[in-house]
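The values are calculated or read from the model by the stated rules, or taken from the named source; none is laboratory data. What you see is a predicted model; the values in this text were computed from it and never measured. Here the Cβ positions follow ideal geometry from the backbone for every residue, glycine too, while neighbour counts run over all protein chains shown. What goes into the accessible areas is simple: the full protein's heavy atoms, side chains included, and nothing from ligands, DNA or RNA. Shrake-Rupley method; radii C 1.70, N 1.55, O 1.52, S 1.80 Å.
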Amino acid sequence: MEKSRRKLYGKALIIFFAVVAICTIISRIADSMTIPRVKVQKAKAGKITYQMKGKGEVETTTKSTYLMPNGFLVESCLENGTSVNEGDVLIQFQKEQLEKKREELQGVLEQAQIQLEQAKLSQQEDAWVPEEENAQKTLNQAQAEYNQALAAKQQAQDNYNQVLATMNPEEEGYKEKQEELEGVLTESESRLSTATQSLSQAQQSLEGAKKNDEVTRQNNAKAKKTADYTVDGAQLSVEEAERNLKVVEDLIAQEGKICAAEKGIFQNKSVTAGTLTSGSEFISIGTGGMVFSAEVPKEAREKLAQGDSISIKIPGQEEIKAEITQIALKKSKEENSSEDVVWLSAVLPENMEVTTGYASFSIVKESEEKYQTVLPLTAIHQDNNGYYCLGIRNQNSILGEETKAERIPIKILDKDDTQAAIEGAIQLDSKIIVSSEKSVLAGDRVRVEE
């Protein structure tokens, strides 16, 4: 009985340890499934590789530019980038349209000449008699009449006093004589009053006439100035019409052809066959060597230098190797932009058969400095406290040795598209987390993939 009991206890103990072992295995499996798996990489020294790509344009180093006339129908034109010799036809205008254009411009010139003659007539000042002259004559006459009336009144007063002084008031006829003399005196006083009013009115009229004449003179001066401007504008219109007519007559004399004045490469970005010119298009004949230019980011000014290698790819042609010859600030080619941008230039090798036009470029350049610590960009993180990376450290626990992520603050010195040169408390043999299957924070347990 005792023997069978011991046997039972032994089996129970075996089963207990088996269950513990199984639970331990299950818990480790579950734990390993929740712990993020990470890939690590040892920090290493190295250089940063700058890679830059973009688009630019291949042009000749020198060129002669011709502005197109306005309103001409283009029958044909050479393709951009065509090599030409002196005398080659670049643009052919339609001859029938040129004849119609000449007739139109002759009419424009005649109309401009008529308007010029009319404008010249408006320069002639209209004849006018200043009001002051007539007003002065009226004043002079009023002054003379006033003087006469004043003298007549004084004479009547003197006669009245002298005659009555020699007569006795009691004398027969005295009263009649007095009434007669008083009538003459009253009439002279009335005449003087009228002359005085006329003189005052004449003086006021003269002042008004002077003001009116001044206004008239100012208006005439303004009209003369306006007429002069009108004549000048009409003269300019005649000269412009003459120039435009000469352009079309010269083209007709050349059978509607614009020819190359020298050997070079035809450059055309705006003239299209079958369309009317607007006067803003231009063509060029490029001479000399070929140069590639492109706009690059502003930081490129610090990273690139003269003599750096550049690869240029023109559509349909083999890749060209050249050296950067200039890096400078220039005005942007975009409309309505006054901002300075960074442009690089590279002179293409001589004796190369290349065409002008748009091309792509690529630049690969290592940093001059070799940095002590370089990490992939995937290893670098940022939060409110700045940049950091995650290293790993091992520590013992109840369940055994564990691997945890550890925050390492860093400072970025330089970077390219794939890696960054950093400064921080990192040894060359330190293992840094470069990728993980889940989000990892400092202090999290991780499992390193071998």
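At R0 = 56 Å, how high is the FRET efficiency between SER362 and ALA221 if r is their beta carbon distance? Nearest 0.05 is fine. Don't jump to the answer; show the numbers that get you there.
Details: r = 71 Å, r/R0 = 1.27.
For SER362 and ALA221, the calculated efficiency is 0.20.
Let me check I have the definition right: for the range 84-172, take the eigenvalues of the Cα gyration tensor, multiply each by 5, take square roots. What are those semi-axes in whole Å, largest first? Before the final figure, lay out the partial values.
On the way: eigenvalues 1776, 26, 5 Å².
Taking √(5λ) for each eigenvalue gives 94, 11, 5 Å, largest first.
Please give the residues of the range 38-56, grouped as numeric ranges, whose backbone N is less than 19 Å from a label point set 7 Å along the Cα-to-Cβ vector of LYS370.
What the label zone holds, given the 19 Å backbone N cut-off, is 42-50.
Cut-off 10 angstrom, C-alpha nodes, Gaussian network model of the chain. Which of GLU133, GLU110, GLU125 fluctuates the most?
GLU133
What is the percent of Cα-Cα separations in the range 63-213 that go past 18 Å? Please report the intermediate quantities before stating the final value.
Numbers: 8885 of 11325 pairs.
Value for the range 63-213 (Cα pairs over 18 Å): 78 percent.
When only Cα pairs under 8 Å and 6 or more residues apart are kept, what is the percent relative contact order across the chain? All intermediate terms of the calculation are to be shown ahead of the outcome.
Details: 745 pairs, mean separation 136.9, N = 450.
Worked out over the chain, it gives 30 percent.
Mean Kyte-Doolittle of at least 0.5 plus a Cα span of 30 Å or more along the axis: flag which DSSP H helices in the chain meet both, please.
The qualifying helices are 2-34.
Report in % the part of the accessible area of the range 71-135 that belongs to carbon and sulfur, leaving out ligands and nucleic acids; probe 1.4 Å. List each step's numbers first, then the result.
Working: 1840 of 4240 Å².
After summing per-atom areas, the C and S share lands at 44 percent.
Apply the a/c threshold of 1.5 to the C-alpha gyration tensor of the range 231-304 and tell me whether it is rounded, prolate or oblate.
On the way: a/c = 3.06, a/b = 1.83, b/c = 1.67.
Prolate shape, in that a/c is at least 1.5 and a/b is the bigger ratio.
Taking the solvent-accessible surface of protein heavy atoms with a 1.4 Å probe, what is the per residue accessible area of the chain in Å²?
On the way: 29340 Å² over 450 residues.
In whole numbers, the chain has 65 Å² accessible per residue.
Using amide H atoms built 1.01 Å from N in the peptide plane, name the residues 5+ places from CYS259, or on other chains, whose amide H lies under 5 Å from its own.
Result for CYS259 returns LEU90.
Any chance you could list P(r) for the range 179-268, counting all Cα-Cα pairs in 5 angstrom bins from zero, rounded to whole %?
Bin by bin from 0 Å, the calculated values are 3, 10, 7, 7, 7, 6, 7, 5, 6, 5, 5, 4, 4, 4, 4, 3, 3, 3, 2, 2, 2, 1, 1, 0, 0.
Given H placed on each backbone N at 1.01 Å, which residues far from LYS44 in sequence or on other chains put an amide H within less than 5 Å of it?
VAL374
Once Lys and Arg get +1 and Asp and Glu get -1 on their Cβ, which of LEU90, TYR358, THR62 lies farthest toward the positive end of the dipole of the chain?
Towards the positive end, the residue furthest out is TYR358.
What is the gain in length, in nm to one decimal, between GLN41 and ALA261 on full extension, counting 0.36 nm per residue of separation less the C-alpha to C-alpha distance? Could the numbers behind the result be given before it?
Details: separation 220, 0.36 × 220 = 79.20 nm, distance 6.60 nm.
So the chain would gain 72.6 nm between GLN41 and ALA261.
Under the 0.36 nm per residue contour assumption, what length would be gained going from the current alpha-carbon distance of GLN124 and ILE252 to full extension?
On the way: separation 128, 0.36 × 128 = 46.08 nm, distance 4.08 nm.
Separation in residues times 0.36 nm, less the Cα-Cα distance, equals 42.0 nm.
Could you compute the longest span of the chain free of trypsin sites (Lys or Arg not before Pro) located in DSSP loops and having at most 13 other Cβ atoms within 10 Å, not counting the site residues? Before the final figure, lay out each step's value.
On the way: sites that count: LYS263, LYS269, LYS298, LYS333, LYS370, LYS438.
No qualifying site falls inside 1-262, the longest such stretch.
What residue among SER430, SER311, SER193 shows peak mean-square fluctuation when the chain is described by a Gaussian network model with Cα springs under 10 Å?
In the Gaussian network model the winner is SER193.
Among THR194, THR277, THR166, determine the one that fluctuates most according to a GNM of the chain built with springs between C-alpha atoms less than 10 Å apart.
In this elastic network of the chain, the residue with the biggest mean-square fluctuation among THR194, THR277, THR166 is THR166.
Working out 0.36 nm times the residue gap between LYS211 and ALA442, then minus their Cα-Cα distance, what length gain in nm do you get to one decimal? Please report the intermediate quantities before stating the final value.
On the way: separation 231, 0.36 × 231 = 83.16 nm, distance 9.68 nm.
So the extension gain works out to 73.5 nm.
Under 25 Å Cα to Cα from LYS100, which lysines show up? Leave out anything in the same chain fewer than 8 places away.
Cα-Cα hits under 25 Å: LYS246, LYS257.
Can you list residues from other chains, or at least 5 along the same chain, whose modelled amide H is less than 5 Å from the amide H of GLU75?
For GLU75, the qualifying residues are GLN92, PHE93, GLN94, GLY274.
With +1 on each Lys and Arg Cβ and -1 on each Asp and Glu Cβ, and nothing else charged, work out how big the dipole of the chain is about its Cα centre, in Debye to the nearest 20. Could you put the intermediate results ahead of the total?
On the way: 54 positive and 72 negative charges, 1284 e Å.
Roughly 6160 debye for the chain.
What value, in deg cm²/dmol to 500, does the helix sum -39500 (n - 2.57) over DSSP H runs of n ≥ 4 give at 222 nm once divided by the residues of the chain? Numbers along the way, then the final one.
Values: 5 runs with 181 residues, N = 450.
Using -39500 (n - 2.57) per qualifying helix, the result is -15000 deg cm²/dmol.
How many percent of Cα pairs in the chain exceed 27 Å? Before the final figure, lay out each step's value.
Numbers: 79877 of 101025 pairs.
Across the chain, Cα pairs with separations above 27 Å total 79 percent.
Output needed: percent of Cα pairs per 10 Å distance bin for the range 353-450, bins running from 0 to the one holding the longest distance.
So the P(r) values, bin by bin, are 12, 38, 25, 12, 7, 4, 1, 0.
In the range 295-450, what percent of the accessible surface is made up of carbon and sulfur (1.4 Å probe, ligands and nucleic acids excluded)?
The value for the range 295-450 is 44 percent carbon and sulfur by accessible area.
In 10 Å bins starting at 0, how do the alpha-carbon pair distances of the range 25-147 split up by percent?
Reading the bins upward from 0: 7, 12, 11, 10, 9, 8, 9, 9, 9, 6, 3, 2, 2, 1, 0.
With unit charges on the beta carbon (Lys/Arg positive, Asp/Glu negative), name the residue among ALA261, SER205, VAL248 whose Cα is farthest towards the positive pole of the charge dipole of the chain.
Highest projection toward the positive end goes to ALA261.
Quick one: Cα convex hull volume of the range 348-405, Å³ per residue?
Numbers: hull volume 13.5 nm³, N = 58.
Given the Cα convex hull of the range 348-405, per-residue volume reads 233 Å³.
Do any GluC sites (Glu not before Pro) in the range 191-266 lie in a DSSP loop with no more than 13 other beta carbon atoms within 10 Å, and if so, which?
Passing sites in the range 191-266 are GLU255, GLU262.
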